[in-house]
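Since every read-out is calculated from the coordinates, none of them should be taken as a lab result. Keep in mind it's a predicted model, so treat the numbers as computed, not measured. Here Cβ is always computed from backbone atoms with ideal geometry, including for glycine, and neighbour counts include all displayed protein chains.
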Amino acid sequence: MNTTQRDPIVIVGTGLAGYTLAREIRKLDKNTPIVMVTADDGYSYSKPMLSTGFSKQKTADELAMAEPGKMAEQLSLIVRTFTVVTGIKPQQHLLEINGESLRYSKLVLAWGADVIRIDIPGGANERIFSINDLMDYRRFRDVLEGKKRVLLMGAGLIGCEFANDLIAGGFEVDVVAPSDTALPGLVPKVIGDAVVTGLTQAGARFHLGRTVQEAAIQEGHVQVQLSDGEKLSTDLVVSAIGLRPRVKLADDAGLTINKGVVVNRALETSEADIYALGDCAEVDGHVMLYVMPLMACARTLAQTLTGSQSEVKYGVMPVVVKTPACPVAVAPPIGEGEWKIEQNGIDVKAECYDANGALIGFALSGQFVDARQQLARQVPSVHD
Amino acid sequence: MKKWQCVVCGLIYDESKGWPEDGIAAGTAWEDVPSDWLCPDCGVGKEDFEMVEM
Ligand SMILES: Cc1cc2nc3c(=O)[nH]c(=O)nc-3n(C[C@H](O)[C@H](O)[C@H](O)COP(=O)(O)OP(=O)(O)OC[C@H]3O[C@@H](n4cnc5c(N)ncnc54)[C@H](O)[C@@H]3O)c2cc1C
């Protein structure tokens, strides 16, 4: 364990978590060597923009904000692209990259989440996409060129956002999902139903309570069979059935994992000098695959890594779903409560109250999203 | 002078302070911020900002 002061802070991942952390560290410390290691091309981009490419008329190239060389220069650090970490040796403070070892003083895991994939029989895999980074998005846009129809699997936040955006791009959109409404688990059913109505009015066709059984390419199109036997014809399938924090390498190295890589509010894993944040992390029991929590973690961890040990404090972090056909804002309730609902068509205001009558969460759709700021001031913080 | 907040990451653009790092002078009203300006923290566009009620 003879790491020296000169060994770098190593950050694995150049997504929003990795780059934001690096930027926050550099605001406080210009000199400590930092090495960033990434499996992808290292371009800096804003992942939430991937599901608004058509609405904002941006191609994959236009969504790339800075190439890795520019990031390295701006932040005075090293970015190693297309470099896949294959193991961690916590005792020796070594990161393994195939045959090579890289010594770290502190190691930060910001390696994100994997898309959940299911095998769909029928041999249409070349037309089935999942989109969780800019490189995925580029491939998808390339194949989409000249096509007219897209079938989305999944009616969660990402599925609904892509559905809305593809409609804006002039595509015919089918949405297939096993749930009985949109955004299951995130909002009460009335709001999910409002989103289904809004997107349907915009032109989407929903096939709820069903799954894709088979997909085959015939005469250039994709013929899809659903679990109830219905057949649909489309050109491309996008699978947006969920994300799972990447934990495998951490598990192999003996770090405590649960749903994500387990860290406390100081973002420390169970091993000394190894930290985690972003989509891979389970922070004090919370797995939140959103930008606001990772920003809070990046600021806190930058403090700690530059010498002032800090703990993250999650405030109120409402999630906004970018579905202009029926916009949604939600602050999931903290604890158990009952929903009080006010509804006028797709405009729904759902407030969740605990047994003492305190507002503990809300979900809003349509016109009511305007109440987000005012309600956000009334609900409790995640950490008090 | 008003404040505008990024709904994705929470960053606040305060008109009275502008955003000098990006060449936006103090006192620049939101409508005069260039339309291609991106959130300095999370990179989303101006459309993803909302006025903050005080
Ligand atoms: C379409 C879409 C829309 C979204 N919209 C919103 C929104 O509106 N609001 C919101 O709050 N959130 C939104 N999110 C979620 C948000 O974008 C993510 O929570 C956030 O970007 C995650 O950042 P991250 O850095 O943790 O992970 P990632 O960006 O996934 O970065 C992971 C990095 O780790 C690298 N990596 C992985 N494994 C290895 C390895 N073994 N070796 C080396 N490098 C490795 C990858 O190459 C990558 O650089 C959206 C997500 C998607 C997909």
Query raised in the report: Once you list every other residue whose beta carbon is under 15 Å from the beta carbon of A:Leu102, what net charge do they have if Lys and Arg are +1 and Asp and Glu are -1?
Result: +1
Requested in this report: Please say if chain B is rounded, prolate or oblate, where rounded means a/c under 1.5 for a ≥ b ≥ c the square roots of the C-alpha gyration tensor eigenvalues, and otherwise the choice is prolate for a/b larger than b/c and oblate otherwise?
Outcome: oblate
Requested in this report: Order these peptides, A:50-59, A:325-334, by their mean beta-carbon neighbour count within 10 angstrom, highest first.
Outcome: A:325-334, A:50-59
Requested in this report: For the protein assembly as shown, go through all pairs of different Cα atoms, get the mean of 1/r, take its inverse, and jot down that Kirkwood value in Å.
Outcome: 23.0 Å
Report task. Pop a pseudo-label 7 angstrom from the Cα along the beta-carbon direction at both A:Ser308 and A:Lys340 and give the gap in nm to one decimal. Result -> 4.1 nm
**Report entry** Rel. contact order, % - alpha carbon contacts under 8 angstrom, at least six apart, chain A
**Finding:** 16 percent
Query raised in the report: Helix A:291-305 versus the longest principal axis of chain A: what is the Cα-based angle in degrees, 0 to 90, to the nearest 10?
Result: 0 degrees
**Report entry** Normalised convex hull volume, the stretch A:49-173, alpha-carbon set, Å³ per residue
**Finding:** 164 Å³
Query - Hits among lysines - C-alpha to C-alpha of A:Lys248 under 24 Å, sequence gap 8 or more where chains match - result: A:Lys47, A:Lys89, A:Lys106, A:Lys259
Report summary line: With a Förster distance of 30 angstrom and the Cβ-Cβ distance between A:His286 and A:Gln92, calculated FRET efficiency to the nearest 0.05 equals 0.45
Query raised in the report: Label point 7 Å out from A:Arg377 along Cα-to-Cβ: which residues of the stretch B:1-28 have amide N under 15 Å?
Result: B:3-5
Query - Mean separation of Cα contacts under 8 Å, 6 or more apart, over the residue count of the stretch A:25-180: relative contact order % - result: 23 percent
Requested in this report: Rounded to the nearest Å, what's the spacing between the alpha carbon centres of the stretch A:71-139 and the stretch A:192-214? Just the number, please.
Outcome: 33 Å
Query raised in the report: To the nearest 10 degrees, how steeply does helix A:157-168 sit against the main Cα axis of chain A, on a 0 to 90 scale?
Result: 60 degrees
Report task. Any chance you could check the Cα centroid distance between the stretch A:44-61 and the stretch A:20-35 for me, in angstrom? Result -> 27 Å
**Report entry** Förster-model FRET efficiency, 30 Å R0, A:Asp7 and A:Asn258, C-beta, rounded to 0.05
**Finding:** 0.55
Query raised in the report: Where does helix A:134-144 land angle-wise versus the long Cα axis of chain A, in degrees 0 to 90, nearest 10?
Result: 30 degrees
Query raised in the report: Can you flag which of A:Lys322/A:Lys349; A:Lys58/A:Lys147; A:Lys56/B:Lys46; A:Lys70/B:Lys3 are past 21 Å Cα-Cα?
Result: A:Lys70/B:Lys3
Report summary line: Expressed in nanometres to one decimal, the distance between label points 7 Å along Cα→Cβ at A:Lys148 and A:Ala202 is 2.1 nm
